[in-house]
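The values are calculated or read from the model by the stated rules, or taken from the named source; none is laboratory data. Since we're looking at a predicted model, the values are computed, not measured. We place every Cβ from the backbone using ideal geometry, glycine too, and count neighbours over all the protein chains shown.
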Amino acid sequence: MFEYFRYVKELKRLSKERDKLSESFADLEERYKGDNDQGHLSFLGHELYELDCWIEYYKSAYLKSKADRLLVPMPDDNDTEMYNSYDFGDEQGAKKILTTKGMHRLRVLSREENKARREVVAFWFTIITGLIGATIGLVSVLKA
């Protein structure tokens, strides 16, 4: 539960940062209209792209932890339809980020697992409710 709140907090922080960067990109683009920007726009564009990759990385990490908790198998790391790689420039090297298709597949599998778990609980709840009702009926018949 706390993991979800940390995830949402981090996404909000990154989204605010991205919005500020988008505004400064639009302002800079308006200022340079046709003039040589000396790489400023491409630098800000790269910063925006890197921020988008961080957002996708956090989404992927959250979905992976949720899948681990539900014991849902992750897509194959070598499947290029399910993963993109991006190097954030740190010592850890390139990180695998789920694509939209990979996220969709993982969500579908997670929903199916959650549904199966709910069905098991509902099954046992129905049985226990029936047994309690039968016991109450038996006790009332024996008392009469």
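Listed by first and then second residue, the pairs linking a residue in region 8-26 that is touching a residue at least 12 places away in the same chain (Cβ under 8 Å) to a residue that is of a type in the set (Val, Ile, Thr) and part of a helix (DSSP H, G or I), with Cβ atoms under 8 Å apart and 6 or more places separating them unless they lie on different chains, are Leu11/Ile55; Leu14/Ile55; Ser15/Ile55; Arg18/Ile55. Arg117 fails exactly one of the following numbered conditions: (1) closer than 28 Å to Lys12 by Cα; (2) at pLDDT 95 or above. What is the number of that condition? Result: Arg117 passes all but (1).
Identify, please: which residue in region 63-84 is of a type in the set (Ser, Thr, Tyr) and within 17 Å of Lys101 (Cβ to Cβ) and is, among those, surrounded by the most Cβ atoms within 10 Å (Cβ to Cβ)?
The first filter runs over region 63-84 and keeps only residues of a type in the set (Ser, Thr, Tyr), leaving 65, 80, 83.
Now restrict to residues that are within 17 Å of Lys101 (Cβ to Cβ): 80, 83.
Details: Thr80: 9, Tyr83: 19.
Ranking the candidates gives Tyr83 first.
Mind listing whichever residues of region 42-98 are of a type in the set (Val, Ile, Thr) and in a helix (DSSP H, G or I)? Across region 42-98, the qualifying residue is only Ile55. For Tyr4, the test of being surrounded by fewer than 12 Cβ atoms within 10 Å (Cβ to Cβ), part of a helix (DSSP H, G or I) and in contact (Cβ under 8 Å) with a residue 24 or more places away in the chain is passed. If I filter region 92-99 for residues that are surrounded by 14 or more Cβ atoms within 10 Å (Cβ to Cβ) and touching a Leu at 6+ places or on another chain (Cβ under 8 Å), do I get at least one hit? Scanning region 92-99, I find at least one residue that is surrounded by 14 or more Cβ atoms within 10 Å (Cβ to Cβ) and touching a Leu at 6+ places or on another chain (Cβ under 8 Å), so the answer is yes.
Checking every residue in region 105-123 against the condition of being exposed (fewer than 12 other Cβ atoms within 10 Å of the Cβ), out of contact with any Leu (no Cβ under 6 Å at 6 or more places or on another chain) and part of a loop (DSSP other than H, G, I, E, B) gives zero matches.
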